[in-house]
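Written below as structure tokens is the structure these notes are about.
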Amino acid sequence: MGINSVNTKSSLIKKQNSAFHALRLENGKNFLSYQREVYFWILKFSLLNLASFIAGRIAFNRQQSFSRFIIRLAIVATTISVAAMLLTLAFTNGFQYAISQKIFNFWGGIRVQHYENNRASIAEESPIFKNDTVLQVLRANKEVKTIQAFATKHAIIKGMESIEGVLLKGVEKEYDFTNLDPFLKSGRWLHFPDSGYSTEINLSAYTANRLKLKVNDKILIYFIQADGTPKARPLTVAGMFKTGIEDYDKLIAIGDLRLIQRLNNWDPKQIGGYEVFLKDFRKLDTVNSMIFQQLPSTWNSRTIKELPLAAGIFDWLNLQNITIVIVLIIMTIVAILNLVTCLIILLLERTKMIGILKALGSPDNSIQKIFLYHGAIITGFGILFGNILGLLICWLQQRYGFITLPEDAYYLSKAAVKLEVWHIGLVNAGTFLICFLVLMIPTIIIRNVQPVKAIRFN
């Protein structure tokens, strides 16, 4: 029994020792595997640091050399390209926005009337009664700011030496003239009496100058009736406005809606339609679609963009988007060509360095990264300085308006600026990404460089 017990204990000890030895071997293997992985990442990180370190030394080398001049030239070219893209977006977007706001402020965003086919571009409206259901639909929409009743009527104004034809836009006493305040050049907007109709009128500065009229001058205005007979009414010029849009300034005058109702023998509740002003005109199409679906079947809603009063102008504004695309493409190509040329020159100048690095065992990918990092540094500085230059010019224009335009041709006296945050992000990210991807092409030359020939290259 004693001998068997001793043998059993001895065998157990041997098994424990062998298990412990196997565990140590397994842990040792895991440790070696972990150690190799750590060494791999340390080496990889070191190579990355080496590539960025060499790229930084090349980029910020203070020694006088041809490549230093080329680097500066590439940064300047990238700066100009980025600034040009930002300015194109800012001025074109500002141009479109400023003119659109003029039209929206003058006519509203949506016009609601009875459905009529084959109506002329500028014609007098058929009379319709104010409709509570329509007003409820319009007021229920949260995007609607104000609703204004209106009607129009053709008239002829006789001056001392000449006559001018106008389209009188009649508005109600409750009309919100704050939208038109930026257009008022002299005098004031017409006043509305509690009874009867206002004997005042607002003329455009163009019409007033043609007729040699001043504020508070008396005029005789003739309205052509349906039977062809004229009706004359004496009115007083209360003030003059200028939209800067020639088609409107030559044609439109503003008066009392009740005068048009009386001349046309309309009921006091009859109007030509409703002008709907929105809080955000960027939602114009969406709001119009919602309103159209909720209106009674005999009523129609159209955006001002669809009306002949403004359709041509908006078509012209949309053409500016093509200009944006063309300029962006050209400026991007200029930046790319400059950077690629710069990188090729750097590769040729640093051929001996490439040969030495290859001879020391540096892989092609690491050497490529040196020049890619270098290109990224040049692109980054170009984008930074381009942003500073572009935003500075935008700020100066917005504050001082030193860039002027002929208003007769462009509807604006000064270039308008409107730059969104996403515009800046798009230009910066797009320029950096495209340039970085294109810069990978010339670095392929590194793969074909032979160390012996490269070291002897002079």
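The values are calculated or read from the model by the stated rules, or taken from the named source; none is laboratory data. Just so we're clear, the structure is a prediction, and the values are computed from it rather than from any experiment. With ideal geometry, Cβ positions are generated from the backbone for all residues, glycine too; neighbour counts draw on all protein chains shown.
Residues in the range 228-237 that are surrounded by fewer than 21 Cβ atoms within 10 Å (Cβ to Cβ) and touching a Ser or Thr at 6+ places or on another chain (Cβ under 9 Å): 3 in all. Taken over the range 404-427, the criterion of being assigned to a helix (DSSP H, G or I) and within 15 Å of the chain's Cα centre (by Cα) is satisfied by Val421, Trp422, His423, Ile424, Gly425, Leu426, Val427. Between Leu213, Leu263, Leu257, the distinction of being closer than 24 Å to Tyr411 by Cβ, crowded, with 17+ Cβ neighbours inside 10 Å and not hydroxyl-bearing (Ser, Thr, Tyr) belongs to Leu213 only.
Just one of the listed residues (Cys342, Cys394) is surrounded by 18 or more Cβ atoms within 10 Å (Cβ to Cβ), in a helix (DSSP H, G or I), at pLDDT 85 or above and not acidic (Asp, Glu), namely Cys394.
Set side by side, the residues Glu143, Glu164 differ, and just one is acidic (Asp, Glu) and surrounded by 20 or more Cβ atoms within 10 Å (Cβ to Cβ), which is Glu164. With respect to (1) out of contact with any strand residue (DSSP E or B) (no Cβ under 6 Å at 6 or more places or on another chain); (2) of a type outside the set (Gly, Ala, Ser); (3) farther than 19 Å from Leu339 by Cα, the lone exception for Leu433 is condition (3). Among the residues making up the range 177-193, those that are in contact (Cβ under 8 Å) with a residue 24 or more places away in the chain and assigned to a helix (DSSP H, G or I) are Asn179, Pro182, Phe183. The residues on offer are Ala208, Ala149, and the sole one that is touching a strand residue (DSSP E or B) at 6+ places or on another chain (Cβ under 9 Å), more than 18 Å from Gly239 (Cα to Cα) and crowded, with 18+ Cβ neighbours inside 10 Å is Ala149.
Take the range 287-329 and flag every residue that is among the hydroxyl-bearing types (Ser, Thr, Tyr) and under 30 Å from Ser81 (Cα atoms). Residue satisfying the conditions is Thr323 alone.
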